[in-house]
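Notes for the one structure printed next.
The values are calculated or read from the model by the stated rules, or taken from the named source; none is laboratory data. Source: prediction; values computed, not measured. Cβ placement follows ideal geometry from the backbone for every residue including glycine, while neighbour counts extend to all protein chains displayed. The protein model used for the area step is the full one, side chains on, heavy atoms only, and it has no ligands, DNA or RNA in it. Shrake-Rupley method; radii C 1.70, N 1.55, O 1.52, S 1.80 Å.
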Amino acid sequence: MRFDLAYDGTGFSGWARQPGRRTVCGVLEDTLSKVLREDVNLTVAGRTDAGVHAAGQVAHADLPGGVDVPGLPKRLARALPDDVRVFAARVVPGEFDARFSALRRHYEYRVTDADSGAHPLRRLDTLAWPRPLDLDALNAASALLLGERDFCAFCRRREGATTIRELQRLEWSRDGDVLTAFVSADAFCHSMVRSLVGALLAVGEGRKPVEWPASLLSLSARASGVTVAPPHGLALVRVDYPEDASLAARALVTRNVRVSPGT
């Protein structure tokens, strides 16, 4: 079964279960297990870090037969805390895998350069930046990062995990004093989006040249000069999947370990 959900990451220590900590996965699995009276294990499209939000997260689980699927979101709304909601639940083909069947993930990062800081009603999802940001410089630097590249300079390495990703969209827009970065890729490695944003903000405020973030792609290790942007400005907003007939093929492709372009 597929679940479409959202959460305010402020009060969570990220998605993944951690002993003694409140996590999104822990809250959801425990609540589902209580409501359905059977242990439920979730697989998620993208594990978010502590403090990161989600407006369009996707997860799946194998559930027992006889579940009232259309009525499940309403039942969960009565049992879940206010900072997490399941908006939809539906039966999907057995080949569906929330993580490996995904075509791409879409994130947004909000930041304001207003002298007064973030609006009180948006302080939990908008980073307050103390210096003016140049939209043209942000977009010029972002364009140089697009494509399938090794983003190890912007990732926290995990044993056995590749850092090669296809960055499909990275652009900024401004609405008054609020700037939003739109970031899309087939997948993201750990801390990649916030590291990219941190590097680009250094360009936007004029501290680094436009070419600097892209120059880091030549490094074979994480760049020590890149500051990871705070988590609260980031939200996972959508996950794309292929048609049902292509789910198994997509999962197979995703599971294959990538190699550097040209090798």
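Accessible surface for the chain, divided over its residues, is 49 Å² per residue with a 1.4 Å probe. Each 10 Å bin, from zero up to the one with the longest distance, holds this percent of the alpha carbon pairs of the chain: 7, 28, 33, 22, 9, 1. Taking a sphere under 11 Å around the Cβ of residue 251 and counting the other residues whose Cβ falls inside, with K and R at +1 and D and E at -1, yields a net charge of +1. Given R0 = 41 Å, the distance between the Cβ atoms of residue 218 and residue 22 translates into a calculated FRET efficiency of 0.55.
Set against the 2.2 N^0.38 Å expectation for a compact globular protein, region 149-220 has a Cα radius of gyration ratio of 1.15. With a 1.4 Å probe and all protein chains left in place, how much of the accessible area of the chain comes from carbon and sulfur atoms, in whole percent? With neighbouring chains kept in place, the figure for the chain is 49 percent. Take the Cβ-Cβ distance between residue 92 and residue 30 as r, set R0 to 30 Å, and report the resulting FRET efficiency rounded to the nearest 0.05. About 0.85, to the nearest 0.05. Overall shape of region 1-153 was characterised from the C-alpha gyration tensor. The equivalent ellipsoid obtained from it has semi-axes of 34, 20, 13 Å, in decreasing order. When Lys and Arg each count +1 and Asp and Glu each count -1, what net charge do the other residues less than 12 Å away from residue 91, Cβ to Cβ, add up to? Combined, the nearby Lys, Arg, Asp and Glu give -1. Kirkwood's formula applied to the C-alpha pairs of region 199-247 gives a hydrodynamic radius of 14.0 angstrom. With 0.36 nm allotted per residue and the present C-alpha distance subtracted, the residue 156-residue 136 stretch has 4.4 nm of extension available. The distance from the alpha carbon centre of region 104-144 to that of region 44-92 is 29 Å, rounded to a whole number.
Taking Cβ atoms as reference points and 9 Å as the exclusive limit, the residues near residue 46 contribute a net charge of +3, counting Lys and Arg as +1 and Asp and Glu as -1. Would you be so kind as to identify which of 246, 9, 203 lies farthest towards the positive end of the dipole of the chain, taking Lys and Arg as +1 and Asp and Glu as -1 on Cβ and the Cα centre as origin? Checking the options against the dipole of the chain, the answer is 9.
Taking 1.002 mPa s as the viscosity and 20 °C as the temperature, the Stokes-Einstein diffusion coefficient of region 112-263 based on its alpha-carbon Kirkwood radius rounds to 129 µm²/s.
Return the Rg/Rh ratio of region 64-143 with Cα-based radii and a Kirkwood Rh. That ratio equals 1.16.
Counting residues in region 13-92 as N, plug N into 2.2 N^0.38 Å and put the Cα Rg over that result. So region 13-92 has a normalised radius of gyration of 1.05. The residue list 69, 43, 153 was ranked by how far each Cα lies along the charge dipole of region 1-160 toward its positive end, using unit charges on Cβ atoms, and 69 comes out on top. Per-residue SASA remark: residue 215, around 60 Å² accessible (1.4 Å probe; ligands, DNA and RNA not included).
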